Amino acid sequence: MAAHLKKRVYEEFTKVVQQQHEELSAKKLRLTKPSKSAALHVDLCKATSPAEALQYLLQFARKPVEAESVEGVVRILLEHYYKENDASVRLKIASLLGLLSKTAGFSPDCIMDDAINTLQNEKSHQVLAQLLDTLLVIGTKLTENPAVRMRLLDVACKYLTDSSHGVRNKCLQLIGYLGSVEKGATKEAESLATKDVQKIIGDHFNDQDPRVRTAAIKAMLQLHERGLKLQQTIYSQACKLLSDDYEQVRSAAVQLIWVLSQLYPESIVPIPSSNEEIRLVDDAFGKICHMVSDGSWVVRVQAAKLLGSMQQVSSHFLEQTLDKKLMSDLRRKRTAHERAKELYSSGEFSSGRKWGDDAPKEEIDTGAVNLIESGACGAFVHGLEDEMYEVRIAAVEALCMLAQSSPSFAEKCLDFLVDMFNDEIEEVRLQSIHTMRKISNNITLREDQLDTVLAVLEDSSRDIREALHELLCCTNVSTKEGIHLALVELLKNLTKYPTDRESIWKCLKFLGCRHPTLVLPLVPELLSTHPFFDTPEPDMDDPAYIAVLVLIFNAAKTCPTMPALFSDHTFRHYAYLRDSLSHLVPPLRLPGRKLVSSPVSPSVTPHEDPSQQFLQQSLERVYNLQHLDPQSTQELLEFTIRDLQRLGELQSELAGVADFSATYLRCQLLLIKALQEKLWNVAAPLYLKQNALASAAAKQIMEETYKMEFMYSGVENRQVVIIHHMRLQAKALQLIVTARTTRGVEPLFGMCENFLQEVDSFQRCFISELPHMQDSFVDKLLDLMPRLVTSKPSEAVKILQTTLRQSTFLHLPLPEQIHRATSTIIEPAGESDNPLRFTSGLVVALDVDATLEHVQDPQSTVKVQVLYPDGQAQLIHPKPADFRNPGPGRHRLITQVYLSHTAWTEPCQIEVRLLLAYNSSKSKASTRLSKSTWIDSMEALPPSEYGIEGTIPFSKPVKVYIMPKPARRALV
Amino acid sequence: MPEIKVTPLGAGQDVGRSCILVSIAGKNVMLDCGMHMGYNDDRRFPDFSYITQNGRLTDFLDCVIISHFHLDHCGALPYFSEMVGYDGPIYMTHPTKAICPILLEDYRKITVDKKGETNFFTSQMIKDCMKKVVAVHLHQTIQVDDELEIKAYYAGHVLGAAMFQIKVGSESVVYTGDYNMTPDRHLGAAWIDKCRPDLLISESTYATTIRDSKRCRERDFLKKVHESVERGGKVLIPVFALGRAQELCILLETFWERMNLKAPIYFSMGLTEKANHYYKLFITWTNQKIRKTFVQRNMFEFKHIKAFDRAFADNPGPMVVFATPGMLHAGQSLQIFRKWAGNEKNMVIMPGYCVQGTVGHKILSGQRKLEMEGRQILEVKMQVEYMSFSAHADAKGIMQLIRQAEPRSVLLVHGEAKKMEFLKQKIEQEFHVNCYMPANGETTTLFTSPNIPVDISLGLLKRESAIGLVPDSKKPKLMHGTLIMKDNSFRLVSPEQALKELGLGEHQLRFTCRVHIQDPRKEHEMVLRVYNHLKGVLKDYSVQHLPDGSIMVESILIQATAQSEDQGTKVLLVSWTYQDEELGSYLTSLLKKGLPQTTA
């Protein structure tokens, strides 16, 4: 019986809870304010043990709290805080206070007093630390208020003497965040207990706890970040910290020293144990260099990284970093680099080294050798030889940055960079090749260095090889042997890895352009021409032969004497290549030869300026001729579009602009066609075909406008307006078409409303641009807005129709730099006749390799689409790590796509293509609009009409032959 | 005065038969137990009779530590433990324990089977000896007994090489063994924390050398091999079985992988194969790259390197062969050399030093015609290359290690006297610490000042530290208390507790001082003046005016009495206890100066 009773009680209890719960969830948002704090209050009162209370608090912490109810909740929490004996619960409450004061839209100054008061009676160090953390949150939200800052600073200073490291840590953090930046803003504030923040923090550089020392340095760095100028006196203190026992202290100290060296580069500091003085930046540089051989790799990475940004250092110190005086048995030895240089300059290159070749030469004065230099000696030599690749990469990066600012240093560090090409970790190799490319303007490769560089061409990693091709594109070579060597090695590479074809040709193109005079003497040999005999004509399809020709033709561009050395077939091949590989072969002026006079012919093609002019003129023509009859307007548009497209093909520099304008004109053309008068005079039901045409046109315009907005880089706000305007017109057209075809008014209501909303948001977005849009569709529409809002849908549609037809054609201003996003799939090549066989139901990985140009943020926008013959489409998001960035504006996607399908009876082709995903809410215009609404109420946001997502295919589809086989029966 | 004594039995101003005796705080430790390669008589082993004439070694030595498996560091171990007789613990790292017996067995075979020596240790002795070995992990602190503890640090050099810290109480010694401060293709760099030992015993093989970057050497090596193979030539690389051989293998293996080369690489069988097995197992002892990639592929599982067979030497086409021994003085490497020497397309690369008299040394010094056994003349047409790959720290590396460990003094072993001299001078100059370089048998004594730990009760500590201002760890601090030395332990307790423990009564010592003050006014007025004056001066102390007409400054009592004879002179009695001596004497001197003239 008793058990039964108990059960009933329990049942009742649970019932009550459930009801409460339902009630809660049923309530509207604005009603939750009292309920939330009340519920918490009830919960906390109910809690019998600290553990239980903690549970309630943890649950509470998971739910968000609105800004209005924060204060109430805080009051309740504080009430419990005073009552609570258990430190862990108080700790949680303290942390909740911090979380709550972070709530957007809540101003925490009302709870600051309470938070400070709670500090007074608190005994537990952990809770104290947490409370101070809460104060930090409050302080960071109220940085504008100097009184609050002063108050919090006072609190922090008071607790700095606490015996717990955690509390001191937080105090220092607080001081770092809130210490007054503007010195002596108010007289009274200054006199108030001499708040020399830096002094207070500096005193804790010698704290007994390493964590507090670290916090002190971090606080100092924080002050710096907030714009407070650190005093130079800290420098000597910071230098002492460099020999601290703890790595985090050293790591932070290195940063502090770096900051100081940037602040006071030119001030003079004495060298201890001598009466000399040096510049502070040099001294700091020496000290940081010293840290490159620290015991902890974290510090080493930090130090190596920071070295790169110390560009004011004097060259004398800089060059020491690469110097490590070698000796053997107390005799001076030359480094291998020096020996190589000498061998090279003595003209005896690549003779084998003999034993004892590196035998030490002069005797060294034992007194003069300084084994642990206080200076920068050999810092990079050590850094590049480090055990951890993180340190090596950091060192290479630093080398790169320093070399970019100092040509003489670049020359010196070359040997070391070349050495890094043989590192055991691919990342490091790649990084050093990239670095070399970045500094290649300052350097000329010696032949022996080139030799080492070229040896890497055989690397099996494609990334490395391509990086190297990039490097060779912008390398200066000093001799004709060098060029020959490079060519030979590249051809070797070509035979070993035929897939590198494009990259190698491109590399040779630049190599030829840069060194015409060095190529000239090599021409007879390269073309294997003979003064007396005719040599057999080489095979035109041989990639190696094409490579040689690319080199020669590009060199011939600036070397007019070269064509004289060509034989007959070379000219023929030139014409062929100029047509087929026009991006690699430049236009040449060939003497005494009449060239094919096709429009493609390079000699006819005008130089840049005329074609630019042509583009401008043809666009002008279109924009000006508004009063032609529709027929001729259409024709003119068609012709112009054709011209522009052709121009884009011919002139790669103008391709972006030409395509962009052509697309715009096409939109216009579509619009004009769709609006042709005679179609609209006839009753709708009779002209189904025309309706279909119009709606198709509207759809296409929409697509094109998305392309214009998202596929081109460099589109400015001026263009975005026009594009959006065009889209608005398309939407209007759509509305009109639908209005004509659908019966009944009901659906139209919604559509009209939608459209008006869009007009409205268009106005809001581009309010600043509206004055430029006289006479346009939207301009007229806005004038008619009051009428539209009040009128019935059918009337509204009529108004729209007339406005649309009367509106003029907007001039599209051309942006400075515009590039169309393009992509080419290199692999799969789509030529294979052998189907890729795999067992159905299992997965096969297809390697996809593509180059992307002018794609912004490809990691999030580029997708791979796979189309199966049954129409099924699959969208794959490549990993961010699959994208590499070989050069500015270019990306490379190397990824694997997993395919799977049920069994087929015979092999079939699937299509692989790349898509560019866009999200119209991310466009430049609408972000401004929706930002304010986004943050306030994340949950309550209605699905925005701006959130249209879509994809634009931007590569040619590639066909892959696959064959999923039925699974074999497993052996039983 | 406590002291640390160090006596090298071998490796003192010499390379070979490393064996160093250290006595620290009453504990005796033997570091390494190696043989000398240069001798074949009694001098090849350390003179263990130095340790004890007739007593048992076990009674004298607390433990033996072996730093790594090279024979000049462990070659005498079976002789020492089995033939001389030592039963105590021998410490070495796991890889050393695994590889050491292989090398000892090989050494025994050559000495006994080939040279026919007798009175040498047997295979069984090696096994028995290895049973006494205790294996240690890196950074594991091992308690040898209650007081003596040892700890191993990574040393690079060869697989399993370690540096050892030997610690008794607060005194400690670090022995480096052989170490390498620059990482190579298969091992990382030596590392030690800032343990601040009293003494650092460091090797100094390359005391006077600063080496070139490793990369140049590697690149040169690879380039040469590559060129030769491309020409269709055969490359012979004579190596010793362990250590460098693995490094070069990895170097070539990764290069072959990277460059997609197809020419075969062979590795002579036997010892090396066994050793490779251990390299495969002890991945944690290798460098970052191998450790990180072994999940995908163990770098020591060579894809391109295959076992060599005698018949392969006559195969046509290019190939690379690693063959033992390293100096071309006998065995397989010499056989192959003879076969290939005649062709100028071929190449031999000597990766290390060659002793005078060996074929290796001859060809390196440029001799092109060699007289072989049986009066044959061998004409050497093949290319001869020299590449030095060495795994010892150079002078800079040694200095770097000293900087990392921050020892109070340094002792150099395992190097030539003349070179050590230079390094010693440098160390003293740069670090301002003492540096020693004893010869074999010479004892170095250095005095230490170990810390003496004293227990203090928490209450007392808190009370005393609260008196001063901010606690500052870096500065010594004065504390008041009673030191009790009892049962070999020290305790600092408060005086009251000490009295209680010792059962003594407390005596109070009180100082009373009279101060004469000229003041014609009444007593209580004067007291008031004194009170006001003190209150004005001693702002930080509590000054009270008691109702009975006396003044209390903290616990110091000041009373005024009238001098009967002279009304103008008042006497102030100042009384304080011994504990308040400081304040009391200050007060009296203050009062003696007199009261200020202007009165309120």
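Take B:Val239 and tell me if it is of a type in the set (Val, Ile, Thr), in contact with a helix residue (DSSP H, G or I) (Cβ under 6 Å, 6 or more places away or on another chain) and open to solvent by less than 20 Å² (accessible area, probe 1.4 Å).
yes
Does A:Ala219 qualify as being in contact (Cβ under 8 Å) with a residue 12 or more places away in the chain, open to solvent by less than 50 Å² (accessible area, probe 1.4 Å), within 23 Å of B:Lys194 (Cβ to Cβ) and touching a helix residue (DSSP H, G or I) at 6+ places or on another chain (Cβ under 9 Å)? No. Return a yes/no flag: does the range A:108-117 have any residue that is touching an Asp or Glu at 6+ places or on another chain (Cβ under 7 Å) and open to solvent by 40 Å² or more (accessible area, probe 1.4 Å). Yes. Please go through the range A:386-427 and pick out each residue that is within 12 Å of chain B (Cβ to nearest Cβ), of a type in the set (Asp, Glu) and open to solvent by 10 Å² or more (accessible area, probe 1.4 Å). Selection gives A:Asp386, A:Glu387, A:Glu390, A:Asp415, A:Glu424, A:Glu426, A:Glu427. Close Cβ contacts (under 7 Å, 6 or more residues apart or on different chains) running from residues in the range B:1-25 that are at pLDDT 85 or above to residues that are basic (Lys, Arg) and not in a strand (DSSP E or B) comprise B:Gly10/B:Arg17; B:Ala11/B:Arg17; B:Arg17/B:Arg44. Just to be sure, is B:Lys151 more than 14 Å from every other protein chain (Cβ to nearest Cβ) and either part of a strand (DSSP E or B) or open to solvent by 10 Å² or more (accessible area, probe 1.4 Å) (or both)? Considered against the rule, which asks whether it is more than 14 Å from every other protein chain (Cβ to nearest Cβ) and either part of a strand (DSSP E or B) or open to solvent by 10 Å² or more (accessible area, probe 1.4 Å) (or both), B:Lys151 comes out as yes. Restricting attention to the range A:770-796, the residues that are of a type outside the set (S, T, N, Q), open to solvent by less than 40 Å² (accessible area, probe 1.4 Å) and assigned to a loop (DSSP other than H, G, I, E, B) add up to 1.
Residues that are out of contact with any Ser or Thr (no Cβ under 9 Å at 6 or more places or on another chain) and open to solvent by 30 Å² or more (accessible area, probe 1.4 Å) within the range A:814-828 comprise just one, A:Glu816.
Yes or no, residue by residue, for (1) more than 27 Å from B:Asn28 (Cβ to Cβ); (2) outside the structural domain of B:Leu583 (by the TED database); (3) among the polar types (S, T, N, Q):
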residue	(1), (2), (3)
B:Lys424	no, yes, no
B:Lys477	yes, yes, no
B:Gly481	yes, yes, no
B:Met485	yes, yes, no
B:Pro520	yes, no, no
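Scanning the range B:505-512 turns up one or more residues that are modelled with pLDDT of 85 or more, over 55 Å from the mean Cα position of the chain (by Cα), surrounded by 14 or more Cβ atoms within 10 Å (Cβ to Cβ) and closer than 30 Å to B:Ile456 by Cα.
Please go through the range A:636-657 and give me each residue that is among the small types (Gly, Ala, Ser) and open to solvent by 40 Å² or more (accessible area, probe 1.4 Å), ordered by number. Selection gives A:Ser652 alone.
Among the residues of the range A:389-444, those identified as of a type in the set (Ser, Thr, Tyr) and either in contact with a Gly (Cβ under 8 Å, 6 or more places away or on another chain) or over 20 Å from A:Asp459 (Cα atoms) (or both) are A:Ser405, A:Ser406, A:Ser408, A:Ser440, A:Thr444. Whenever a residue of the range A:855-882 is under 22 Å from A:Asn919 (Cα atoms), its partners that are among the aromatic types (Phe, Trp, Tyr) and in a loop (DSSP other than H, G, I, E, B), lying with C-beta atoms within less than 8 angstrom and at least six residues away or across chains, give the pairs A:Gln874/A:Tyr868.
On inspection, B:Pro438 fails the criterion of being farther than 30 Å from B:Gly352 by Cβ and in a loop (DSSP other than H, G, I, E, B). Per the conditions (1) in a loop (DSSP other than H, G, I, E, B); (2) at pLDDT 75 or above; (3) surrounded by fewer than 17 Cβ atoms within 10 Å (Cβ to Cβ), the sole criterion not satisfied by A:Pro878 is (3).
Among the candidates A:Arg462, A:Arg501, the residue that is surrounded by fewer than 17 Cβ atoms within 10 Å (Cβ to Cβ), within 29 Å of the chain's Cα centre (by Cα), under 27 Å from A:Pro828 (Cα atoms) and more than 14 Å from every other protein chain (Cβ to nearest Cβ) is uniquely A:Arg501. Restricting the range B:154-175 to residues that are open to solvent by 20 Å² or more (accessible area, probe 1.4 Å) and in contact with a Leu (Cβ under 9 Å, 6 or more places away or on another chain), which is nearest to the other protein chains (Cβ to nearest Cβ)? For the range B:154-175, the residue satisfying everything is B:Tyr154. Could you go through the range B:351-371 and let me know if any residue there is in contact with an Asp or Glu (Cβ under 9 Å, 6 or more places away or on another chain), surrounded by fewer than 21 Cβ atoms within 10 Å (Cβ to Cβ) and within 14 Å of chain A (Cβ to nearest Cβ). Yes; the residues of the range B:351-371 include at least one that is in contact with an Asp or Glu (Cβ under 9 Å, 6 or more places away or on another chain), surrounded by fewer than 21 Cβ atoms within 10 Å (Cβ to Cβ) and within 14 Å of chain A (Cβ to nearest Cβ). Is there a residue being open to solvent by less than 10 Å² (accessible area, probe 1.4 Å), more than 14 Å from every other protein chain (Cβ to nearest Cβ), part of a strand (DSSP E or B) and modelled with pLDDT under 95 anywhere in the range B:176-193? No, the range B:176-193 has no match at all.
Scanning the range B:279-298 for residues being among the basic types (Lys, Arg) and more than 14 Å from every other protein chain (Cβ to nearest Cβ) gives a total of 1.
Among the numbered conditions (1) surrounded by 14 or more Cβ atoms within 10 Å (Cβ to Cβ); (2) under 28 Å from A:Ile278 (Cβ atoms), tell me where A:Ile200 comes up short. Looking at each condition in turn, A:Ile200 falls short on (2).
Table: residues versus (1) open to solvent by 70 Å² or more (accessible area, probe 1.4 Å); (2) touching a strand residue (DSSP E or B) at 6+ places or on another chain (Cβ under 7 Å); (3) in a loop (DSSP other than H, G, I, E, B); (4) in contact (Cβ under 8 Å) with a residue 60 or more places away in the chain.
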| site | (1), (2), (3), (4) |
| --- | --- |
| B:Leu378 | no, yes, no, no |
| B:Glu385 | no, yes, no, yes |
| B:Ser388 | no, no, yes, yes |
| B:Lys396 | no, yes, no, yes |
| B:Ile402 | no, yes, no, yes |
| B:Leu412 | no, yes, no, yes |
| B:Gly415 | no, yes, yes, yes |
| B:Lys419 | no, no, no, yes |
| B:Ile427 | no, yes, no, no |
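Just to be sure, is B:Leu222 touching a helix residue (DSSP H, G or I) at 6+ places or on another chain (Cβ under 8 Å), within 13 Å of chain A (Cβ to nearest Cβ), modelled with pLDDT of 85 or more and crowded, with 22+ Cβ neighbours inside 10 Å? Against the criterion (touching a helix residue (DSSP H, G or I) at 6+ places or on another chain (Cβ under 8 Å), within 13 Å of chain A (Cβ to nearest Cβ), modelled with pLDDT of 85 or more and crowded, with 22+ Cβ neighbours inside 10 Å), B:Leu222 does not qualify.
Only a single criterion out of (1) open to solvent by 40 Å² or more (accessible area, probe 1.4 Å); (2) closer than 30 Å to A:Met702 by Cα; (3) modelled with pLDDT of 85 or more is not satisfied by A:Arg928, namely (3). Residue check: A:Pro265 meets all listed conditions (1) in a loop (DSSP other than H, G, I, E, B); (2) within 19 Å of A:Lys199 (Cβ to Cβ) but one, namely (2).
The values are calculated or read from the model by the stated rules, or taken from the named source; none is laboratory data. None of the values given here were measured: they were computed from a predicted structure. Heads up, the Cβs are rebuilt from the backbone with ideal geometry, glycines too, and the neighbour counts pull from every protein chain shown. For the accessible areas, the whole protein counts, side chains as well, though only heavy atoms, and no ligand, DNA or RNA atoms are used. Shrake-Rupley method; radii C 1.70, N 1.55, O 1.52, S 1.80 Å.
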